[in-house]
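Report on the structure given below.
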Amino acid sequence: MISEAMAGASALKTAFDMAKALKDISDATIRNAAVIELQEKILSAQEAQFALVKRVDELEKQVTSFEGKRSQMQRYQLKDYGAGSFAYELKESDANGEPIHRACAACYQQGHVSILQFSHNSNGQDWYDCKQCKNNQHFGARIPYRSHYSGGSDF
Ligand SMILES: [Zn+2]
């Protein structure tokens, strides 16, 4: 983008210098050639300006997208679900009518919110699936299963 701006400014400066010199050219053929060259310089300055306007528009859209994403992410806070199992949870104050839910911590760290879906409960732990990163995550402490048949050994 800097190079486009420099090219545009350089083309304009050249065009300005050429326009100043035009008045001193008495030969019509040389003057016409200079006018054509001047028009080319003006056109290339316009092209550089169009490229800049397009780039500014793209960057403005990116900024808007980043701001939207950031404010969406700020609606969540990290929560400990026990035994060192963490997820992000929608803040009550930012719920705006949505049910409170969990978001994948790994995906959140990558910069996007992915809602965790309950899968099942096993040995006292709730298991959730992340549809984004395909992780199957457990929350809470595992309660060891004790068999009635093997004298209480853990599985
Ligand atoms: Zn995930």
**OP:** Among residues belonging to the stretch 63-121 that are within 21 Å of the chain's Cα centre (by Cα) and assigned to a loop (DSSP other than H, G, I, E, B), point out the one that is farthest from the ligand (Cβ to nearest atom).
**Re:** GLN74
Original post:
Would you pick out the residues in the stretch 7-29 that are of a type in the set (A, V, I, L, M) and either more than 49 Å from the chain's Cα centre (by Cα) or surrounded by fewer than 14 Cβ atoms within 10 Å (Cβ to Cβ) (or both)?
Top reply: ALA9, ALA21, LEU22, ILE25, ALA28
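What number of residues within the stretch 130-146 are within 16 Å of the ligand (Cβ to nearest atom) and open to solvent by less than 40 Å² (accessible area, probe 1.4 Å)? Working first, answer last.
So the first thing to find is which residues in the stretch 130-146 are within 16 Å of the ligand (Cβ to nearest atom), and the list is 130-139.
Subsequent filtering for residues that are open to solvent by less than 40 Å² (accessible area, probe 1.4 Å) retains 130, 137, 139.
Count: 3.
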Original post:
Just a yes or no: is a residue in the stretch 54-76 open to solvent by 90 Å² or more (accessible area, probe 1.4 Å) and over 30 Å from VAL113 (Cβ atoms)?
Top reply: yes
Original post:
If GLN125 passes every condition in (1) over 30 Å from SER3 (Cβ atoms); (2) away from the ligand (no atom under 12 Å from the Cβ); (3) open to solvent by 50 Å² or more (accessible area, probe 1.4 Å) but one, which one does it miss?
Top reply: (3)
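The values are calculated or read from the model by the stated rules, or taken from the named source; none is laboratory data. Bear in mind that the values here come from a model prediction, so they are computed numbers and not experimental data. In this analysis, Cβ positions are derived from the backbone assuming ideal geometry, glycine residues included, and neighbour counts consider all displayed protein chains. What goes into the accessible areas is simple: the full protein's heavy atoms, side chains included, and nothing from ligands, DNA or RNA. Shrake-Rupley method; radii C 1.70, N 1.55, O 1.52, S 1.80 Å.
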